[in-house]
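S.K.: Below is the structure I would like to discuss, written out as structure tokens.
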Amino acid sequence: MADCHQSFVDYLGAISLVETQEAKLRTSRDALLNRISNRFKRDGKQIPEYESQGSYAINTQNRPISEDFDLDHGVYLVHWPDHQEVSTAEAFDLISQAVEGQTSVPLPHKDTCVRVQYKPAADGTPAHHIDLAIYRKKSDGTRLYAHRVEGWRPSDQKGFLDYYNARTNDQVRALVRLFKGWSDYQGTKGGQKMPSGFHFTVSVLECLKQAEDRHDRAFVYTAEVIRDRLTAYGNRTGHPILRPVIPNEDIFHSYDSLRLRHLIDKLQEVSVRGRKALNESDSEAAQRIWRELFGDRFIAPEPGDLSEGQKIWSAPAIIGKSDKAA
């Protein structure tokens, strides 16, 4: 049976941010945090606290197909007395006013964060953006996340990072990145919106099925566990997948039946095609199956590389039809 572990490792390398992109993200982030600190200092307010979060914090960041890469960072407002009533709109205004003008792109309206978008630069740096999530931190350590519509919500980003770091290893990290890369490519095909990186991170931790030294097997096996969990959840015969820390919500609660069914079908496709790839005797044929799931960034020999005899036996049985993925 085909062992495509090294092809998976190569794919992870192909979707990694290059050093210059990582450096640009850090430079853009630091400039924004300095701008916020200086604005608060000028206004006589206690400077916020800052914490890294998202895929950058847990080292599961990919280079998206769109090339609009990003970084998430938490801004913790600590200047308000605990008893003071403050709206999330006021919190958003404070941070928006502090960072406005850092780039020439107007700040888009986001309910979950303040996004600062950077255009492609003359030095070749592609477009990227920094998402600033806003929190209120009280004197007892309580942290509340600001949502424009839903108001202040309990949150424990640090607790999630601790939870993840206590359970991760090289394969867990690889699987999160593989699901995100697969989802990124599948999302280019249209249809229902695919889940976020956070959804895949929690789902991998909850449904992990490791296969020592075989990322290809672990990807298929874990996809099948996630599929089965979501199928039972959709049928109301199983438990939801919960955020493992406060507020411990069902992470798929906002998915309607169509979106959930779409995701289950996609995971079923991973199971069917992935099992076929695992059972292939020819590793090059297996690589082509994987490329159909992950896209062109997954390296596989072209069908034209086949010998004439192989071409005859691999040709479609029905004229005008092809089983090659579009």
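S.K.: So in region 72-116, with the set limited to residues that are in a helix (DSSP H, G or I) and acidic (Asp, Glu), which one is farthest from the chain's Cα centre (by Cα)?
M.R.: Glu90
S.K.: Say whether the condition of being surrounded by fewer than 20 Cβ atoms within 10 Å (Cβ to Cβ), under 23 Å from the mean Cα position of the chain (by Cα), of a type in the set (Phe, Trp, Tyr) and modelled with pLDDT of 95 or more is met by at least one residue in region 127-139.
M.R.: No, region 127-139 contains no residue that is surrounded by fewer than 20 Cβ atoms within 10 Å (Cβ to Cβ), under 23 Å from the mean Cα position of the chain (by Cα), of a type in the set (Phe, Trp, Tyr) and modelled with pLDDT of 95 or more.
S.K.: Does Arg243 satisfy the condition of being in contact (Cβ under 8 Å) with a residue 40 or more places away in the chain and within 28 Å of Asp156 (Cβ to Cβ)?
M.R.: Yes.
S.K.: With the structure loaded, tell me whether Ile241 is among the aliphatic types (A, V, I, L, M), open to solvent by 40 Å² or more (accessible area, probe 1.4 Å) and at negative phi or whether it fails that test.
M.R.: no
S.K.: Another question, if that's okay. Just to verify a result, which residue in region 143-198, among those that are assigned to a helix (DSSP H, G or I) and closer than 27 Å to Gln84 by Cα, is least open to solvent (accessible area, probe 1.4 Å)?
M.R.: Ranking the candidates gives Gly159 first.
S.K.: Still on this structure, I have one more. Could you check Leu12 against (1) closer than 21 Å to His129 by Cβ; (2) at pLDDT 95 or above; (3) open to solvent by less than 40 Å² (accessible area, probe 1.4 Å) and say which number it fails?
M.R.: (1)
S.K.: Name the one entry in Arg227, Arg236 that is at positive phi, free of Cβ contacts under 8 Å to residues at least 60 places away in the same chain and either in a helix (DSSP H, G or I) or out of contact with any Lys or Arg (no Cβ under 9 Å at 6 or more places or on another chain) (or both).
M.R.: Only one candidate qualifies: Arg236.
S.K.: From the list Asp68, Asp93, Asp72, which residue is at pLDDT 95 or above and under 27 Å from Tyr185 (Cα atoms)?
M.R.: Selected residue: Asp72, the only one of Asp68, Asp93, Asp72 that is at pLDDT 95 or above and under 27 Å from Tyr185 (Cα atoms).
The values are calculated or read from the model by the stated rules, or taken from the named source; none is laboratory data. Given the structure is predicted, the values throughout are model-derived calculations rather than measurements. Cβ coordinates were reconstructed from backbone atoms using ideal geometry, including for glycine residues, and neighbour counts include every protein chain displayed. With ligands, DNA and RNA removed, areas are computed over all heavy atoms of the protein, side chains included. Shrake-Rupley method; radii C 1.70, N 1.55, O 1.52, S 1.80 Å.
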